[in-house]
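J.: Would you mind keeping the following structure in view while I ask a few things?
The values are calculated or read from the model by the stated rules, or taken from the named source; none is laboratory data. This one's a predicted model, so the numbers in the text were calculated from it and none came from an experiment. Positions of Cβ are generated from backbone atoms using ideal geometry, with glycine treated the same way; all protein chains shown enter the neighbour counts. Surface areas here come from the heavy atoms of the whole protein model, side chains and all, with no ligands, DNA or RNA. Shrake-Rupley method; radii C 1.70, N 1.55, O 1.52, S 1.80 Å.
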Amino acid sequence: MGVTFYNLSSAAGIKKLDEYLLSRSYISGYQASKDDLAVHAALAKPPSSEYVNASRWYHHIEALLRISGVSGDGCGVTVEGAAPLVEDAMANLSIADTKATAADEDDSDDDVDLFGEETEEEKKASEERAAAVKASGKKKESGKSSVLLDVKPWDDETDMKKLEEAVKSIKMEGLLWGACKLVPVGYGIKKLQIMMTIVDDLVSVDDLVEDYLTAEPCSEYIQSCDIVAFNKI
């Protein structure tokens, strides 16, 4: 069933969006979808920090767009007073999808010609690069990122101390847990907001969430995780 929002350029419209997102991570369903993109496109600027839920959601969608994009179809959303903007955004998304598919097809055609024999000049250049790397004896330093996570419990009866212990019990190379705090989300429920620093080549945030944080034994306390902010260091 579709969702309708009214005049997201006004304080009243943002307040309604903020109230709607109080108990939801996304506009519809349990993953980011085109519904989120539609509402995101209808906002002229990020919601101010006084609208905690709307601001959290907005920056999460921004992070997803930078990292991996959004592919879910959603249930259909209407934003009154911003229809042309939303329609243009969705049209651009469809065009982008079409171009990406065409580019993939072009790449697959080009692959046939990529593995021809090396010329003498190419072979010599390759050998020189390999020798230079060996001589330096240095590995390129991997990049790092700072990530802010929202970790949500199952309900108001979840032991948040044990939830925090479960999160910090996850140890892996390239992962360093930082400061954390409990943030009220309503109805007596609190979420854990925690910082972490990762080495990009060693830690995948998606794998960390799917294979550890929302898998057993952590799933006894954790219902879901959202990326609030993702910044390169």
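J.: Have a look at 232, 191 and point out the one that is of a type outside the set (Ser, Thr, Tyr) and more than 15 Å from the chain's Cα centre (by Cα).
T.: Criteria check complete, one pass: 191.
J.: A follow-up question, please. Any residue at all in segment 7-23 that is closer than 21 Å to residue 73 by Cβ and modelled with pLDDT under 85?
T.: Looking for residues that are closer than 21 Å to residue 73 by Cβ and modelled with pLDDT under 85, one finds none in segment 7-23, hence no.
J.: If you go through segment 189-216, how many residues are open to solvent by 80 Å² or more (accessible area, probe 1.4 Å) and in a strand (DSSP E or B)?
T.: So the count comes out to 1.
J.: May I pose another question? If I go through segment 156-187 residue by residue, how many of them are at positive phi and more than 21 Å from the chain's Cα centre (by Cα)?
T.: Final tally of qualifying residues: 2.
Condition check ((1) under 22 Å from residue 66 (Cα atoms); (2) in contact with a Ser or Thr (Cβ under 6 Å, 6 or more places away or on another chain); (3) modelled with pLDDT of 85 or more) across all residues:
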residue: 103; (1), (2), (3): yes, no, no
residue: 128; (1), (2), (3): no, no, no
residue: 137; (1), (2), (3): no, no, no
residue: 148; (1), (2), (3): yes, no, yes
residue: 153; (1), (2), (3): no, no, yes
residue: 157; (1), (2), (3): no, no, yes
residue: 160; (1), (2), (3): no, no, yes
residue: 197; (1), (2), (3): yes, yes, yes
